[in-house]
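A short worksheet on the structure shown next.
The values are calculated or read from the model by the stated rules, or taken from the named source; none is laboratory data. From a predicted model like this one, the values you see are computed outputs, not experimental measurements. Don't worry about glycine lacking a Cβ; one is built from the backbone with ideal geometry, like all the others, and counts go over all protein chains shown. Surface accessibility is based on the protein's heavy atoms, side chains included, excluding ligands, DNA and RNA. Shrake-Rupley method; radii C 1.70, N 1.55, O 1.52, S 1.80 Å.
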Amino acid sequence: MPDKKTIDPAVVEMLEKAKADGVLTMFDRAEATAPCPIGHPGNCCHVCFMGPCRLVGKTTVGLCGATKETVAARNLARAIAAGAAAHSDHGRDMALTLLAAAQGEALDYQIKDEKKLRKVARLLNVSEQERTKEEVAVDVALAALADFTSVKEEVAYVRRAPPKRQALWRRLDIAPRGVDREIVEVLHRTNMGTDQDAEHILTQAMRCALGDGWGGSMLATDISDILFGTPGPVAARSNFGILREDEVNIVVHGHEPTLSEMIVVAATDPELIEYAKSKGAKGINLVGICCTANEILMRQGVPVVGNFLSQELAIVTGAVDAMVVDIQCIMQGIVAAAEHYHTKIITTSPKAHITGATRIEFDEHRALEVAKEIVRAGIDNFPNRGGVYIPDYVDHLVAGFSHEYINYMQGGVYRESFRPLNDNVINGRIRGAAGVVGCNNARVTQDDVHLYIIKELIKNDVLVVTTGCNAIACAKQGLLTPEVMEFTGPGLREVCQTIGIPPVLHMGSCVDNSRILTVLAQCATEGGLGEDINNLPVAGFAPEWMSEKALSIGCYFVASGVTTWMGVGSPVAGSEEVQRIITEGWKEKIGAAYYFEPDPEKAVKEALAHIDAKRAALKLEEYSPTRYARSATYLPGDYAPFEVFAEGRYSRGG
Ligand code: NFS
């Protein structure tokens with residue numbers, strides 16, 4: 001167990017309150033239950049009922065003779081398939097919502113970003129000229145739905161990858177077909193007695209993950225942008241201090257934006273605000289947790305209470321009148337936590353019920369009506385509050401860095417491009433870039449590894465893009481503001497100050513990791529940095545990962561050419577051969593390695609060496625930390641006319 005449970009002082013306060021109130025949280029359960037020493041490193045085989053076979057000590061094969069390599073590879077491949085399924089099923093639901101909206105069956109949704117709709121249409125080979133946006137949207141939705149189930153054809157967005165990468169995928173026969181087929185094939189091949197060659201199994205795992213990244217997830221992002229708007233910079237706040245003692249607090253938690261976007265509308269409905277006042281509240285305060293939070297933060301600036309490990313603790317404040325959940329990353333423990341307080345846990349997805357929770361099923365055909373019903377249930381619960389304690393921590397942030405905005409911010413409408421970014425990598429102001437993403441994991445100190453890695457990277461002039469719970473960790477630490485330059489190396493600082501951006505760019509939820517793929521593809525084809533993603537001086541990290549979805553993301557980054565370091569520990573530690581295949585083996589095969597490295601210092605060191613090696617291979621200027629030390633002399637406070645958040649990372653009060 002880590003020495004410290006968290007670095008977030010608000011979480012420390014809430015853990016004390018939970019203890020005083022007799023509430024057990026995941027932090028307590030992590031202390032009480034150690035990970036299984038056989039399953040954790042991938043040595044438990046449970047694909048048939050003669051087992052589970054535990055491959056430990058003298059037992060090196062299962063009853064059927066399956067080796068440690070086969071077992072570890074099968075376990076990893078299955079986890080990747082499950083992660084891909086989660087993202088992609090979310091993506092499919094977005095396509096169904098778009099279809100219903102375009103056909104006039106879901107009247108509460110509109111096509112907010114017609115420009116993006118038409119761009120996506122062209123990418124999907126849907127004709128868009130001289131057609132209404134609704135006509136185009138119907139065909140885009142149908143083309144997207146067909147992509148998920150494509151049996152033979154590769155998914156359309158493979159064409160968004162650099163031509164060299166596409167050719168490599170085709171040569172290796174891993175250009176993904178519909179993600180449904182790839183997931184089924186992983187499950188089939190890893191069924192008892194089928195594919196029993198670790199490398200072969202893991203190659204299919206890559207194909208499946210690519211079907212997620214360049215298929216299901218990318219469609220989820222694009223369709224969400226079409227329906228709800230493509231994000232641009234937005235200022236917002238984070239941490240527990242955003243809860244209001246005198247207002248109805250509604251927390252949305254989960255992943256899909258379909259319902260939460262409607263709750264944003266319902267929470268600002270004058271009639272419902274009046275209704276809240278009639279119950280003694282001053283108003284309605286809508287906030288988010290996990291990736292649903294990221295979705296409505298990116299587009300609406302809705303504040304974020306916390307990341308994955310903070311979900312039970314939000315309830316412990318006694319201030320949450322309703323926690324509205326849909327799918328993924330929702331701990332069953334929130335229901336037990338809510339029994340100590342008045343909080344109503346409301347499940348909404350037809351796919352996700354939780355025993356003991358209140359159920360209000362969402363239906364996109366009457367979306368706003370359901371959203372209003374949910375908000376009303378929260379308001380009705382306000383008078384039932386007992387004692388309330390809200391830790392007084394609020395941090396400020398800027399989010400909303402879509403691929404489109406990053407393109408725009410480097411030249412405006414007439415000259416948008418990635419040229420300035422590439423040029424600054426070439427001249428060495430920016431040493432390289434990193435995607436730092438992913439979950440919290442109760443086996444490591446909450447947010448600590450995230451923050452350590454990001455601070456080391458930006459100090460070394462590596463531009464960071466972030467998503468998911470990592471982004472929320474950054475938000476809570478004030479790293480998502482342009483004012484936080486004291487942690488940033490001089491070259492990167494100069495570029496960020498010139499453009500007016502933070503050194504850490506929040507790109508959205510976990511399905512929005514697909515935005516990072518799009519950025520990488522554009523950097524690789526812009527010129528000057530090679531011709532393929534694996535030529536770029538970039539790295540991937542998921543420092544506190546826990547979800548199968550994170551494994552799928554890590555895998556599609558690697559298969560796209562980004563060497564990636566996953567933190568915490570390795571799910572394949574039990575097989576040296578599997579570790580070799582996904583590192584040295586994949587480096588040779590696909591041009592990038594998939595590392596599981598629990599030591600964050602080592603991971604950063606290796607990643608910086610990797611970035612420098614890529615620079616050398618491109619024959620770029622050798623990176624020097626002092627070359628630009630004098631050009632970026634401004635630190636916040638020298639000239640910033642506004643409050644500086646950098647020092648007091650947790651600014652008190654709201
Ligand atoms: Ni991503 Fe989002 Fe967080 Fe991890 Fe879960 S919320 S989809 S899986 S825990 S980053």
- Query: Considering the stretch 214-242 alone, what residues qualify as being touching a Ser or Thr at 6+ places or on another chain (Cβ under 6 Å) and open to solvent by less than 10 Å² (accessible area, probe 1.4 Å)?
  - Reply: 216, 217, 218, 221, 231
- Message: Checking the structure you have, find out if any residue of the stretch 48-68 is within 24 Å of residue 550 (Cβ to Cβ), open to solvent by less than 30 Å² (accessible area, probe 1.4 Å) and modelled with pLDDT of 95 or more.
- Response: no
- Query: Regarding residue 428, is this residue in contact with a helix residue (DSSP H, G or I) (Cβ under 9 Å, 6 or more places away or on another chain) and within 16 Å of the ligand (Cβ to nearest atom)?
  - Reply: no
- Going through the stretch 573-610 in order, the residues found to be among the aliphatic types (A, V, I, L, M), within 23 Å of the chain's Cα centre (by Cα) and in a loop (DSSP other than H, G, I, E, B) are 592, 593
- Answer yes if at least one residue in the stretch 397-409 is within 16 Å of the ligand (Cβ to nearest atom) and in contact (Cβ under 8 Å) with a residue 60 or more places away in the chain, and no otherwise. yes
- Note on the structure: So, first residue in the same structural domain as residue 515 (by TED's automatic domain parsing) in the stretch 430-454, second residue among the aromatic types (Phe, Trp, Tyr) and open to solvent by 20 Å² or more (accessible area, probe 1.4 Å), Cβ within less than 7 Å, six or more apart or across chains; the pairs are 431/623; 438/545; 439/545; 441/545
- Run down 558, 495, 484, 519 and say which single residue is in contact (Cβ under 8 Å) with a residue 60 or more places away in the chain and either closer than 27 Å to residue 584 by Cβ or within 13 Å of the ligand (Cβ to nearest atom) (or both). 558
- Between a first residue in the stretch 369-391 that is over 22 Å from residue 18 (Cα atoms) and a second residue that is among the aromatic types (Phe, Trp, Tyr) and crowded, with 16+ Cβ neighbours inside 10 Å, which pairs have beta carbons less than 7 Å apart while being 6 or more apart in sequence or on different chains? 370/362; 376/275; 379/275
- Only one of 519, 495, 538 is open to solvent by 10 Å² or more (accessible area, probe 1.4 Å) and in contact with a His (Cβ under 6 Å, 6 or more places away or on another chain), namely 519
- Message: Quick check on residue 525: is it touching a residue at least 40 places away in the same chain (Cβ under 8 Å), surrounded by fewer than 24 Cβ atoms within 10 Å (Cβ to Cβ) and away from the ligand (no atom under 16 Å from the Cβ)?
- Response: yes
- Query: Quick check: is even one residue across the stretch 562-576 out of contact with any strand residue (DSSP E or B) (no Cβ under 9 Å at 6 or more places or on another chain) and either under 17 Å from residue 453 (Cβ atoms) or hydrophobic (A, V, I, L, M, F, W, C) (or both)?
  - Reply: no
- Query: Which one is nearest to the ligand (Cβ to nearest atom) among residues in the stretch 431-462 that are acidic (Asp, Glu) and in a loop (DSSP other than H, G, I, E, B)?
  - Reply: 447
- Take the stretch 327-348 and flag every residue that is touching a strand residue (DSSP E or B) at 6+ places or on another chain (Cβ under 8 Å) and either open to solvent by less than 30 Å² (accessible area, probe 1.4 Å) or among the aliphatic types (A, V, I, L, M) (or both). 330, 334, 335, 338, 342, 343, 345, 346, 347, 348
